[in-house]
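Please treat every number below as a calculation from the coordinates, not as lab data. All figures in this text were calculated on a predicted structure; none of them were measured in a lab. We place every Cβ from the backbone using ideal geometry, glycine too, and count neighbours over all the protein chains shown.
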Amino acid sequence: MRRLLALLAVSMLVLGACSSDDDDDVAAETTTTRDAAGSPSTTADDTSTTTVPATTTTTAECADIIRFEFTTAVPGFSIDYQPGPIVADGSGDPVEIAGDAYLVIRFEPAYTFNFETSVETYTGPNEFVPSGQVYVAELEKTGDFEAVMTWVAGVSAETAVDATVDGTALVVTLGSPG
């Protein structure tokens, strides 16, 4: 039986106020991959999480949150920083996304159209340009092709990334919550 998963909503928020301290923060970027059941995926080299050190110059403890809501369980996903230029899945057309680094969030299997009912399940915008974010300059859907849905967050700089599943939502946190 074909498993249909649909994206319902994507929202951006900033966690409370930022608090300063006198120390320089060193962040770690984490690549996270999960299968459709939510278990860590195994790649050819048997690693499911890769940590790459990155230095931030900010002294504030702040975070941006991207929340993806699904109609059913969160599908398999991978999250990692990728170099530009960013191209659209399927067509390969270049996609302009604000930011100096690109956090790619990929879901599989995932669709924004229910093929059994012929109803579009996500009718929201494919591009978000939030204001007041610490890291995220833009969020854009760059793919919905062959059961793979891809969103790219253009960010001011690579920073720590944490992904958690909350019921039928994937919560991606950039930075360090205060």
message = Full-extension gain between R67 and N126, please, as 0.36 nm times their residue separation minus the C-alpha to C-alpha distance.
response = 19.8 nm
task = Can you pull the one-decimal nm distance between simple spin-label points at Q82 and A98, each 7 Å off the Cα toward Cβ?
result = 2.2 nm
task = Return a whole-number percent for the relative contact order of the stretch 115-178, with Cα pairs under 8 Å and 6 or more residues apart as the contact set.
result = 20 percent
note = Listed by chain and number, the residues whose amide H is under 5 Å from that of A137, excluding neighbours fewer than 5 places away on the same chain and using placed H, are G154, V155, S156
query = Listed highest first by mean packing, meaning other Cβ atoms within 10 Å per residue, what order do 63-73, 118-128, 148-158 come in?
reply = 148-158, 63-73, 118-128
request  = Counting residues in the stretch 118-178 as N, plug N into 2.2 N^0.38 Å and put the Cα Rg over that result.
outcome  = 1.29
